[in-house]
Every structure is written in C-alpha cells, then in structure tokens.
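Here's the structure we're looking at; comments come further down.
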Amino acid sequence: MSPAPRWLRVLRHSRWARALTRWLGGAPPIPAGLWRHVVQAQPFLHRLEPGQLERLQLLCRHFLAQKTFSGANGLQINDEIALTIATQACLPWIHWGLTGLDWYRGFVGIVVHPDEVWAQREETDEAGVVHRWREALAGEAMQGGPLMLAWSHVRTASAKAQQGHNLVIHEFAHQIDLRHKSRHQAADGCPRLPNGFLGLAAPAAAQHWRTLWGQQHRRFVREVQMAERFGAPMPWLDAYGATDAAEFFAVACEAYTVQRARFGAEFPLLLPLLDAFFKHPAAATAAP
Ligand SMILES: [Zn+2]
C-alpha cells in the first residue's frame, strides 16, 4: 500500500498533531495552499458559494481520514491526487453534511492507476456459449471495495464536466447504489431511499423511484438506439447509461452533480428525485 498523503502522514506522526487530530475527531485540517490549488484546478467547483466550499472542505477532511489510498502501476499517491479525488467524491453531499459520508462506509480502499487498465471479462450466454473479451477500465466499484480509478481521467474531470461527465462521481454512485445491498446483490439503480423520501412511506417511495427511473431509462435506451442505428441526434447524457439501470443511475448522478440545470432540462422527471435524494435546497417536500 502506498503511504497516506504527505501532510496527513506528517500530522499522524507528530505528537501535538495526534492530539489535534483527536480533538478534531480524527480529521486533520487541509493546508490552505493545497486546498486553494486543488479547487482552482477544478473550474466546476468555482460555482460553489463560500459556505458550500467550507462544507466541501469539511467533508474532504473526514473522507481522507476514513479512506486509504494506494497507487498502482507505478503511480505515487500525493496530496493533490488524494484531495482531488476527495473533492469530487464528496461534492454530491454538500447539502447533507457529514452524514453523507455514511454512504461510503461499505469500503475503505481506493486504488489509483496512472491510466486505464485492461480487465479480462467472461460471460456465458443463454445458449451456454462462453464469451471472453478484454475491456479498458477507467474505474470500477465493487461491493466491499476497493474502488479503482484512473488518474488520467480524474485529473481531466474539468474538461469533461461541460458534458456532464465525472468518473469519480460515477464510481461512487455505484457505491451509493450498493451501500445497503447484500454481497450477492448487484447494483440496480435503486439505492435505499432516505426516511420520509418525498414525504412517502418507504414502500411507496421505492415504488415511485423504480417506476420513474424505469420509464426514463427505457426512453433513454430508445434515444441511444435511434442515434446509433438510425442517425437521430445522440442524446446529451452519456450513452453508456443505456447499458443497464445501474449505469443509468451512475451517469445520471455524474451529470446531476456537475451540470444540474442541464440534467434537469433533459430529465425533468428525475430532477426532483435526485434533488430529494441529495437534499438540494430546491427539493420539493410535497408528496408527488
Ligand atoms: Zn459504471
């Protein structure tokens, strides 16, 4: 395992700092210069108000204290890499406060590769024929962790935010989806909803969620098929979301977090659901 970020390591190893860390609840402060540098390097964070940035920084402090980073294929984890990933992973929870990080409790390890990695895939079809292929992965999430990310994609997140893309949020959205599922259950785009979601009892809220997401996913799959096969314009949301319900939820979370207004224009029926889920101030409190 690669060491913790340098400033965190230094803090852990000095006596006064350990006392300070205990006093702060195990989440050491982030050096101001490092914070400024990482925020400035990510233009999609510039729209945040000062109070929101403060909340994001607090989330990042706790996130970094809770997670373990390791570099793979020669990548050395440094402060900038760890904090950049933390800012993106914590961004969806700025309206929740620290309880938002409970959604990431199901795993600890984050493995960062310099670039995409090749994974061997195998699937048996209905006729019993085994298909094997190699797939380039920029990120992967699994139940219990670790979570894998390609730094080449994370550090270029700002350039992709305009299109509503964010790899880190995508992989962490899978963890949100998996959070309350058993080891044998796959992500399905239906995370456990917070109590009192949209003012509904839990079964009605879950039903409402499944119905709307199911409808919108089917519509999106049709739009992608029309674009790929019949020359219709490609929809704005990442076509990878057409893969299945879990990927649709993950690409929707990416787009919602970095381009909320555009996402809302594309999916007006899903906007209130994600607003309620992420406790955005615009969330309607009335039952649908
Ligand atoms: Zn995915």
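The values are calculated or read from the model by the stated rules, or taken from the named source; none is laboratory data. Since this is a predicted model, take the numbers as computed values, not measurements. When we count neighbours, we look across all protein chains shown, and the Cβ atoms used for this are built from the backbone with ideal geometry, even at glycine.
Hey, does region 275-288 have a residue that's closer than 18 Å to residue 218 by Cα, buried (at least 18 other Cβ atoms within 10 Å of the Cβ) and either in the same structural domain as residue 52 (by TED's automatic domain parsing) or hydrophobic (A, V, I, L, M, F, W, C) (or both)?
Let us first name the residues in region 275-288 that are closer than 18 Å to residue 218 by Cα, namely none.
No, region 275-288 contains no residue that is closer than 18 Å to residue 218 by Cα, buried (at least 18 other Cβ atoms within 10 Å of the Cβ) and either in the same structural domain as residue 52 (by TED's automatic domain parsing) or hydrophobic (A, V, I, L, M, F, W, C) (or both).
Take the residues of region 7-23 that are exposed (fewer than 15 other Cβ atoms within 10 Å of the Cβ) and under 17 Å from residue 86 (Cβ atoms): which is modelled with the lowest pLDDT?
That would be 12.
Exactly one of (1) surrounded by fewer than 18 Cβ atoms within 10 Å (Cβ to Cβ); (2) of a type in the set (A, V, I, L, M); (3) not in a helix (DSSP H, G or I) is unmet by residue 226. Its number?
Failing condition for residue 226: (3).
Looking at 232, 265, 250 in this structure, which one is surrounded by fewer than 19 Cβ atoms within 10 Å (Cβ to Cβ) and not in a loop (DSSP other than H, G, I, E, B)? Lay out the reasoning, then the answer.
Numbers: 232 fails: not in a loop (DSSP other than H, G, I, E, B); 250 fails: surrounded by fewer than 19 Cβ atoms within 10 Å (Cβ to Cβ).
Just one listed residue meets the conditions, 265.
Does region 155-177 include one or more residues that are among the small types (Gly, Ala, Ser), within 16 Å of the ligand (Cβ to nearest atom), closer than 18 Å to residue 242 by Cβ and touching a residue at least 40 places away in the same chain (Cβ under 8 Å)?
Within region 155-177, the first condition is being among the small types (Gly, Ala, Ser), and the residues that meet it are 157-159, 161, 164, 173.
When the remaining residues are screened for being within 16 Å of the ligand (Cβ to nearest atom), the result is 157, 164, 173.
This time we only want the ones that are closer than 18 Å to residue 242 by Cβ, so: 164, 173.
Narrowing the set further to residues that are touching a residue at least 40 places away in the same chain (Cβ under 8 Å) leaves 164, 173.
Yes, because at least one residue in region 155-177 is among the small types (Gly, Ala, Ser), within 16 Å of the ligand (Cβ to nearest atom), closer than 18 Å to residue 242 by Cβ and touching a residue at least 40 places away in the same chain (Cβ under 8 Å).
Could you tell me whether any residue of region 77-86 is outside any loop (DSSP other than H, G, I, E, B), of a type outside the set (S, T, N, Q), more than 30 Å from residue 193 (Cα to Cα) and within 16 Å of the ligand (Cβ to nearest atom)? Steps first, please.
Here is the first cut: in region 77-86, the residues outside any loop (DSSP other than H, G, I, E, B) are 79-86.
From the residues that got through so far, the ones that are of a type outside the set (S, T, N, Q) too are 79-83, 85-86.
Checking which are more than 30 Å from residue 193 (Cα to Cα) leaves us with 79-81.
Then drop every residue that is not within 16 Å of the ligand (Cβ to nearest atom), which leaves none.
No: region 77-86 contains no residue that is outside any loop (DSSP other than H, G, I, E, B), of a type outside the set (S, T, N, Q), more than 30 Å from residue 193 (Cα to Cα) and within 16 Å of the ligand (Cβ to nearest atom).
What pairs come up if the first residue lies in region 233-251 and is in the same structural domain as residue 268 (by TED's automatic domain parsing) and over 11 Å from residue 165 (Cα atoms), the second is within 9 Å of the ligand (Cβ to nearest atom) and in a loop (DSSP other than H, G, I, E, B), and their beta carbons are under 8 Å apart, counting only those six or more places apart or on different chains?
Once the first residue is in the same structural domain as residue 268 (by TED's automatic domain parsing) and over 11 Å from residue 165 (Cα atoms) and sits in region 233-251, its partners that are within 9 Å of the ligand (Cβ to nearest atom) and in a loop (DSSP other than H, G, I, E, B) give 246/187; 249/187.
Residue 218 is checked against (1) surrounded by 20 or more Cβ atoms within 10 Å (Cβ to Cβ); (2) away from the ligand (no atom under 16 Å from the Cβ) and fails just one. What number does that condition carry?
Unmet for residue 218, out of (1) surrounded by 20 or more Cβ atoms within 10 Å (Cβ to Cβ); (2) away from the ligand (no atom under 16 Å from the Cβ): (1).
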